[in-house]
Every structure is written in structure tokens, then in C-alpha cells.
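The values are calculated or read from the model by the stated rules, or taken from the named source; none is laboratory data. Everything numeric in this text was worked out from a predicted model, so none of it was measured. Don't worry about glycine lacking a Cβ; one is built from the backbone with ideal geometry, like all the others, and counts go over all protein chains shown.
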Amino acid sequence: MLHDFIQTNKADLIARCRVKVSDRSSPPVTEDELQYGVPLILDQLIDALRREDALPPLHEDSTEGFSPQAPGWKEATRTAGLHGAELLKLGYSVDQVVHDYGDICQAVTELAEKTDSLISVGNFHTFNRFLDNAIAGAVTAFGQSQRMNEKDTAQELRIQVQIAYTTFEAIKAGNVGVRGATGSLLEKSLLRLRALTRS
């Protein structure tokens, strides 16, 4: 099980992620991010994977993964979106959240390859879906928090450009796909930008 792999190798994964975070030039790295951000995300990921394993899916498709109707899929998807928003409330920038999730994705994949660990396709689907929904949740929370102070169309344009740019960067990094929650958020942002520029 992937959650067992992550739990067993948590210290190694944290060390790998801290190296990746420290090597980043942008967004700026904070001491809190190094000390708390990555361990918190790993704990959330372990929890989401355990939830899905505890509530097995009705079926799994080799391309699409678990059925969206599976109880575990719904719960993991719901909580993932909240996790990204939670990190924003703790003071992380939306860019830090997106990059931290990407670093964790790379660290888990690299360690699994290095140790020849067999992780099921289903667990990798869950892993990628968790990251996708967490990134989308963080970016959505960012947009909502900014809209509370919205004064005019120019402000809304700035918010939508930031959302579009952040989601595009996450997709470009290769950690999430275009057809997931992050891709859907990018599409909504672009449609909103188009509507704003036509008004």
C-alpha cells in the first residue's frame, strides 16, 4: 500500500523534499515551509490514502482509476481540496503550496523507483488525484480570499490571471493533468477572463 510506503519512508521523503524546497529560487522559501509544510502534506496524503483503502472502490479502470462513485474516492477528493486551503490559512502563498505538492510528487516517485517498490496503479491514481485536488483547492481558496476584497473589474482580472498562471504552472510541471481538477480550474479562469474582457 502506498500509505505504508510513505509512512515507512517519511523521514527520507521529508529530507528529499527539503532539498528540493531549499534549491528553489522562487517562490521564496520560509523556515516554516521547511519545518512544517512538507510533513503536514505527507500526513494529509497518508490519511487520504488510508481513507480510500478503508472504503474500497466498486471497480478500477486501468486508464481512469477508481470509479467517481466509490465512497473512498469521494472522501479523498473532498478532503484534498480542504488541505490546500488549510495551508493557505497557515500563511503559505499559493505558489508555495503548488510547488510543495510538486516536490512531494517527485520525491515519492524517485524513492519508489530507487527502492524498486511496487505500488499499485490504483494507489498512484489516488496519489495523483489527491495532489490535483489539493492544488485546485489551494488556488480556489486563494481566488475566494482575494474576491472578498474585490473592488472593480481590474482587480477581478488580476485575480483570474493569477489563478490561470498558477494552474498552468502546476500542469506544466507535469504533476497533474489537464483533465483533472486543476485543469478544470484553469478552464474556468480562462472563460471568466474572456467574459471580463468582453464586458
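Among the residues of region 136-191, those identified as polar (S, T, N, Q) and either under 19 Å from L87 (Cβ atoms) or outside any helix (DSSP H, G or I) (or both) are T140, Q144, S145, Q146, N149, Q162, T166, T167, N175, T182. All conditions in (1) among the polar types (S, T, N, Q); (2) over 16 Å from C105 (Cα atoms); (3) crowded, with 17+ Cβ neighbours inside 10 Å hold for Q155, with the sole exception of (3).
Criterion applied to A181, A170 was being crowded, with 22+ Cβ neighbours inside 10 Å, within 14 Å of V94 (Cα to Cα) and touching a residue at least 12 places away in the same chain (Cβ under 8 Å), and the one residue passing it is A170. One residue stands out among those in region 106-129 that are at pLDDT 80 or above and surrounded by 20 or more Cβ atoms within 10 Å (Cβ to Cβ): the one that is nearest to E187 (Cα to Cα), which is R129. Scanning region 184-199 for residues being surrounded by 13 or more Cβ atoms within 10 Å (Cβ to Cβ) and either touching a strand residue (DSSP E or B) at 6+ places or on another chain (Cβ under 7 Å) or in contact (Cβ under 8 Å) with a residue 12 or more places away in the chain (or both) gives a total of 8. Residue pairs whose Cβ atoms lie under 6 Å apart, separated by 6 or more positions or on different chains, with the first residue in region 104-130 and over 13 Å from N9 (Cβ atoms) and in contact (Cβ under 8 Å) with a residue 12 or more places away in the chain and the second in a helix (DSSP H, G or I) and among the acidic types (D, E), are T126/E52. For region 76-83, the count of residues that are more than 14 Å from the chain's Cα centre (by Cα), among the aliphatic types (A, V, I, L, M) and at pLDDT below 85 is zero. A search for C-beta distances below 8 Å between a residue of region 35-51 that is farther than 15 Å from A107 by Cα and of a type outside the set (G, A, S) and any residue that is modelled with pLDDT of 80 or more and not in a helix (DSSP H, G or I), counting only pairs 6+ apart in sequence or on different chains, returns L49/M1.
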